[in-house]
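Enquirer: Got a structure here, written out as structure tokens. Questions coming.
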Amino acid sequence: MTEPVTPPHLTPSDLANNERAVAYYNEHGCDTVEKAFYLANVLHTDRCVAEAARVYHIGYELHSKSPDQHPGAHILLHVSLLCQLKAGLPLNQADMDALRSLSLPLYNYILGIQTAWTAGDLIKAARIMGNCYDEFHTGEECDRLYLEIMNRLYTEQMRNGVADSRNPGALIPRKIFMYWDKETPEEVERNFEYHRNLKGVEVRTFNQEEAAQWLYELYGVEARTLFLSTRHPAEAADFLRAHVIQKLGGWWLDADIRVRSEDVFFEKLSHHHSHVFLLTHDSVVHNDFFGSVANSPILEDVLLSLYRNCYLHPGLYIPYKTGPGVFERALNRTFHADFMRVRPIPSMVVYDSQVFSDIIEELHVDYKFQGKSWHSVSN
């Protein structure tokens, strides 16, 4: 029988003098797995990674190691090790051995990240990591870190590979699709009109009623039902965008952003690839603006995760459930399939955050400041 663990007393400096963490610790302490996990998440979110690593490890030490206790011991240990890597700290071999015994995929994840970050060997890292991202919900940190590594590994190959211009179906149609659910605000309607006036680009907009009918006609009653049961207009737009671009091909553009000009659209973006994606500075895929041909193998995988999440995890955080997360997972599976020589990477290019800023202007729209943001949506 194992001896009970006495959690150490934590001082403000142990918590990076983080106000939120100190306040939580002073009120609740850190004597259970749940409290340690919450406290470490606060520190991790606020980028106090060395301190987060220690508190996650406290949670691991407090854990019964029973598979029925949540969060699992493997979750606490792997994220402690990940935070150590982020802080530039060496990993304890005993902890790595313990993680390997608890979860081989999570061990491979941490070892792969260590290989990429400390040794700079992206090929070896990809080989070690395999498809470890499938142990997580779509869009969690593993997806983003894996994507960052694979995007670096494949950048040159993607830039050099273009679609066969002799096949019209291999090139992204010059069509832009946009959505607003009901009672389109004046500033959004002006944005629609602005894009309709772009030369050389066809624009189609949907409202909720039109989108529901379109989904019913093209994808059936289940698609319409899931669309109408979404918790927020942003989730509805997420659901619609993947279906529209997969069926029709073209570019998706959210209603609260705009293309800066015709010139940047035609000159800054590739029109010789079958897929164009853009990333944020931390490797989150922009699903608010992307382009693809119809019947895309990448969007096919996006829809696979989308439906899986809608049926199995309906209360999941929106960006993970229907947003960037399903795109990150699809790109990761695309890279992994090519790396394993199962399926060649299709014609695609992935741009960095600077290109997104060069092309896209974010609009000041009132709804963002009226408490209607998807950030407030909970289970």
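FYI, it's all coordinate maths here, none of it is from the lab. Just so it is clear, the structure is predicted and the values come from calculations on it, not from any experiment. Ideal geometry is used to build each Cβ from the backbone, glycine not excepted, and the neighbour counts take in all protein chains shown.
Enquirer: Which whole-number percent gives the relative contact order of the chain, counting Cα pairs below 8 Å spaced six or more residues apart?
Expert: RCO, the chain: 15 percent.
Enquirer: If R0 is 30 Å, what FRET efficiency do you get for TRP117 and ASN41 from their C-beta distance, rounded to 0.05?
Expert: 0.85
Enquirer: So, one more: Which one, LEU279, HIS243, PHE265, projects farthest toward the positive side of the charge dipole computed for segment 220-279 from Cβ point charges (K/R +1, D/E -1)?
Expert: The residue sitting most towards the positive pole is HIS243.
Enquirer: Pairs of Cα atoms under 8 Å, at least six residues apart: use those to get the relative contact order of segment 12-148, whole percent.
Expert: Normalised by residue count, the contact order of segment 12-148 is 15 percent.
Enquirer: Work out, step by step, the length gained on full extension between HIS313 and GLN157: first 0.36 nm times the residue separation, then minus their alpha carbon distance; give nm to one decimal.
Expert: Length gained, HIS313 through GLN157: 52.6 nm.
Enquirer: Taking the Cβ-Cβ separation of ALA23 and GLN69 as r and a Förster radius of 30 Å, what is the calculated FRET efficiency to the nearest 0.05? Write down the numbers at each step before the final one.
Expert: Working: r = 26 Å, r/R0 = 0.88.
Computed FRET efficiency for ALA23 and GLN69 comes out at 0.70.
Enquirer: Let me check against my output: what whole-number percent is the relative contact order of segment 215-297, with C-alpha pairs under 8 Å and at least 6 apart?
Expert: With pairs under 8 Å counted, the relative contact order is 32 percent.
Enquirer: VAL264 to ASP352: extension gain in nm, 0.36 nm per residue of separation minus the Cα-Cα distance? Spell out each step's value before the answer.
Expert: On the way: separation 88, 0.36 × 88 = 31.68 nm, distance 1.51 nm.
Between VAL264 and ASP352, full extension yields 30.2 nm more.
Enquirer: To continue, here is another question. Using the 10 angstrom Cβ neighbour count as an exposure proxy, how do HIS364, HIS78, HIS57, HIS137 rank, fewest first?
Expert: Details: HIS364 8, HIS78 27, HIS57 21, HIS137 18.
Lowest to highest Cβ neighbour count: HIS364, HIS137, HIS57, HIS78.
Enquirer: What number, rounded to the nearest 500 deg cm²/dmol, is the helix-based mean residue ellipticity at 222 nm of the chain, given -39500 (n - 2.57) per DSSP H run of at least four residues and division by all its residues?
Expert: Rounded to the nearest 500, it is -16000 deg cm²/dmol.
Enquirer: Using R₀ = 35 Å, calculate the FRET efficiency as 1/(1 + (r/R₀)^6) where r is the Cβ-Cβ separation of ALA294 and HIS364; round to 0.05. Spell out each step's value before the answer.
Expert: Working: r = 34 Å, r/R0 = 0.96.
Efficiency at R0 = 35 Å is approximately 0.55.
Enquirer: Looking at this model, which pairs from LYS199/LYS268; LYS182/LYS247; LYS175/LYS247; LYS175/LYS321; LYS199/LYS247 are more than 20 angstrom apart at the alpha-carbon?
Expert: Values: LYS199/LYS268 16 Å; LYS182/LYS247 23 Å; LYS175/LYS247 13 Å; LYS175/LYS321 26 Å; LYS199/LYS247 24 Å.
Flagged as over cut-off: LYS182/LYS247; LYS175/LYS321; LYS199/LYS247.
Enquirer: Which distance in Å, rounded to a whole number, links the C-alpha centroids of segment 286-354 and segment 93-163?
Expert: If you average the Cα positions of each part, the centres end up 17 Å apart.
Enquirer: Roughly what would the spin-label model give for ASP134 and GLU189, points 7 Å off Cα along C-beta, in nm?
Expert: Result: 4.9 nm between the two label points.
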